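Written out below as structure tokens is the structure these notes cover.
The values are calculated or read from the model by the stated rules, or taken from the named source; none is laboratory data. Fair warning: this is a prediction, and the values are worked out from it, not measured in the lab. Quick reminder, even Gly has a Cβ in these numbers, built from the backbone with ideal geometry, and neighbours come from all protein chains shown.
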Amino acid sequence: MSNDASKQAIEFFVKRGDLANTTADHHVRDNEFAKGVKLYHQAYSFYKKALQSMPDDEELKQKLENVREKYQNAKEKDKLKG
């Protein structure tokens, strides 16, 4: 993959991660925790793919950590909701 295509792929993964993260936030706010959990998982996967190509990107590492925490919180709330 060329350098330009690689940059585009990374941008794609980050944008998709951002979109999934934002959409998950909306679902969790509306007490739709199961949907939020699935979307946080997707966001985590996209960020992880981008991080493989940019292992030193601190902003991306922070996004990954934030999504992981949100995922765990939403999963816990989903279990309580029952």
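Considering K15, K79, the condition of being basic (K, R), more than 15 Å from the chain's Cα centre (by Cα) and in a helix (DSSP H, G or I) is satisfied by K79 alone. Note on the range 35-58: residues that are farther than 9 Å from N21 by Cα and aliphatic (A, V, I, L, M) amount to 4. Checked across the range 43-58, the condition of being under 26 Å from K81 (Cα atoms), in contact (Cβ under 8 Å) with a residue 24 or more places away in the chain, assigned to a helix (DSSP H, G or I) and touching a helix residue (DSSP H, G or I) at 6+ places or on another chain (Cβ under 7 Å) holds for at least one residue.
In contact (Cβ under 8 Å) with a residue 24 or more places away in the chain, surrounded by fewer than 16 Cβ atoms within 10 Å (Cβ to Cβ) and charged (D, E, K, R), is that true of D18? It is true that D18 is in contact (Cβ under 8 Å) with a residue 24 or more places away in the chain, surrounded by fewer than 16 Cβ atoms within 10 Å (Cβ to Cβ) and charged (D, E, K, R). Taking the numbered list (1) at pLDDT 95 or above; (2) more than 30 Å from S2 (Cβ to Cβ); (3) surrounded by 14 or more Cβ atoms within 10 Å (Cβ to Cβ); (4) over 10 Å from the mean Cα position of the chain (by Cα) in turn, H26 passes all entries but (3). Apart from one condition, A43 fits all of (1) under 9 Å from the mean Cα position of the chain (by Cα); (2) exposed (fewer than 14 other Cβ atoms within 10 Å of the Cβ); (3) hydrophobic (A, V, I, L, M, F, W, C); the exception is (2).
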